[in-house]
Every structure is written in structure tokens, then in C-alpha cells.
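First the structure, in the form of C-alpha cells, and then the observations on it.
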Amino acid sequence: MAETRDEVVAAALERADALARRDAERLLALLHPDFHWTSHRGEQFDRERYVASNTSGPLVWHTQVLTDIEVVVVAGDAAVLRCVVTDQVDSGSGVESFRMPMTQTWVLVAGRWVCLAGHAGPRLATA
């Protein structure tokens, strides 16, 4: 079970790196075709809109660091990852840093962990 947990964490870290690198192709590969995301503002995104807004829009990711990571694996092919993320992003008015809880649901498809859904927020006070 520890190996599976490590695989899910590795996929989540790869997703965070794809965001920071604005790598749309790699990000798409890490997201399930039925992927959905809810932002800390309550915005809803499907897979295509999520990738476009995070890799080709005005929002530029610099880093996303995951801490306090917890993973619960169910039946070997589904997992829920909970953590606190620290994001550094620029939405056009300078780099901003913020922290928030994040939950992601990962599923194993054809031997690869892909994110099916996620939610971030609300923002936490910065330390």
C-alpha cells in the first residue's frame, strides 16, 4: 500500500510541476477525460477549460508545493489525496503567494494514476 501511496503522490507532484511549467500536454495526460475542478473561488472547470486557463491564459504559475500530504487508497485503483498547497502565481499584477487546503481524487487507468477531480480552498493565512 505504501508503494501505491508513493505513486499517487508522485503523480500529484508531476501535476504541480506541469502547472508551473505551463506544460499543457503533460497536464492533459495527468487528468482523466471526465476531470472536474472547483477553485477556491467556487469556479467550476472541466478538463479542457482547466488546462487552458492554467497554461495559456494570463495566470502564470511559478510553483505549487504540497505539504501535510495524506493519501487514502481504496481498492487499489482509487485514491484521495489531501494536503495543504502553497502556490506562487502571477495573475498579471505581480507574483502572489497563498496557501490553501486541496483535495484530489485519483484513479488508476491503464496502469497510470490520473486525477479525476479536485478542489482547492479556502485560502489560509500565510505563515
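The values are calculated or read from the model by the stated rules, or taken from the named source; none is laboratory data. None of these values were measured; they are calculated from a predicted model. Using ideal geometry, Cβ is built from the backbone for each residue, glycine included, and neighbour counts are taken over all protein chains shown. With ligands, DNA and RNA removed, areas are computed over all heavy atoms of the protein, side chains included. Shrake-Rupley method; radii C 1.70, N 1.55, O 1.52, S 1.80 Å.
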Magnitude of the Cβ-charge dipole of the chain, K/R +1 and D/E -1, about the Cα centre, nearest 20 debye? 240 debye
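With the other protein chains left in place, how much accessible area per residue, in square angstrom, belongs to segment 71-127 at a 1.4 angstrom probe? Before the final figure, lay out each step's value.
Numbers: 2820 Å² over 57 residues.
Normalised by residue count, the accessible surface of segment 71-127 is 49 Å².
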Might you report the magnitude of the Cβ-based charge dipole of segment 44-98 about its Cα centre, with Lys and Arg at +1 and Asp and Glu at -1, to the nearest 20 debye? 80 debye
Once the chain is represented by equal point scatterers at the alpha-carbon sites, with solvent omitted, what log10 I(q)/I(0) does the Debye formula produce at q = 0.17, 0.20 Å⁻¹? -0.85, -1.20
Computed over the Cα atoms of segment 27-87, the Rg and Dmax in Å are 13.2, 40
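Which length gain, in nm to one decimal place, applies between Glu48 and Asp6 when the Cα-Cα distance is subtracted from 0.36 nm times their residue separation?
Values: separation 42, 0.36 × 42 = 15.12 nm, distance 2.71 nm.
12.4 nm is the gain from fully extending Glu48 to Asp6.
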Can you send over the carbon and sulfur percentage of the accessible area for the chain, probe radius 1.4 Å, protein chains only? 54 percent
Want the number for Ser56 to Asp68: 0.36 nm per residue separation, take away the alpha-carbon distance, what's left? 1.4 nm
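Using a 1.4 Å probe, what is the accessible area per residue for segment 1-68, in Å²?
Values: 3710 Å² over 68 residues.
On a per-residue basis, 55 Å².
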